[in-house]
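Everything below concerns the one structure shown next.
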Amino acid sequence: MGDEVKVVGNISRFDPIKNHKMFLKAAALVVAERPDVRFVAWSRQESYVQELKQLSRTLGLENKVHWIQAKSDVREVYNAIDVSVHRP
C-alpha cells in the first residue's frame, strides 16, 4: 500500500433503512486505525442528511466524510473510490 489516500464510498439514497449510521460508526473505527482514509456518501436525496452530518460531527468525522448530492455524476464517484460499501 502506497502513501496515497484511500477513499471508501457509500452510494445510495439517504434513508434510515440504508443504515448510514452504521457506515459512519464504522468510519470512525477505521479512522482510529487509519487517519488517512477518507469517506464519500453520495445520494439523490437530501432528506435525512442533516441528521447524518450531525452524527459525523459527533464522531469526529467532519473533515473525513465528503457529502455529495446527486448533481454530480455517480460514475465519477465510483471511479474516485477505492472501496464501495453497502448495507448488509
Please give the per residue accessible area of the chain, computed with a probe of 1.4 Å over protein heavy atoms only, in Å². 64 Å²
Can you give me the distance in nm between label points at Ser47 and Ile68, each placed 7 Å from the Cα along the Cα-to-Cβ direction? 2.4 nm
Let me check against my output: what whole-number percent is the relative contact order of the chain, with C-alpha pairs under 8 Å and at least 6 apart? 43 percent
Under a Cβ-only charge scheme (Lys and Arg +1, Asp and Glu -1), can you give me the dipole magnitude of the chain about the Cα centre, in debye to the nearest 20? 340 debye
Explain nothing, just compute: Karplus ³J(HN,Hα) = 6.51 cos²θ - 1.76 cosθ + 1.60, θ = phi - 60°, for every residue of segment 28-40 in order, whole Hz, x for Gly and Pro. 4, 5, 5, 5, 4, 9, 9, x, 7, 6, 10, 10, 10
Assuming a viscosity of 1.002 mPa s and a temperature of 20 °C, what translational diffusion coefficient in µm² per second does Stokes-Einstein assign to the chain, Rh being the Kirkwood radius over Cα pairs? 164 µm²/s
Can you give me the long-range amide H partners of Ser12? Hydrogens built in the peptide plane at 1.01 Å from N, cutoff under 5 Å, separation of 5 or more residues or another chain. Trp42
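The values are calculated or read from the model by the stated rules, or taken from the named source; none is laboratory data. For clarity, every value in this text was computed on a predicted model and none was experimentally measured. A quick note on method: Cβ atoms are made from the backbone with ideal geometry, for glycine too, and the neighbour counts reach across all protein chains shown. Areas reflect the complete protein model, heavy atoms only, side chains present, ligands, DNA and RNA absent. Shrake-Rupley method; radii C 1.70, N 1.55, O 1.52, S 1.80 Å.
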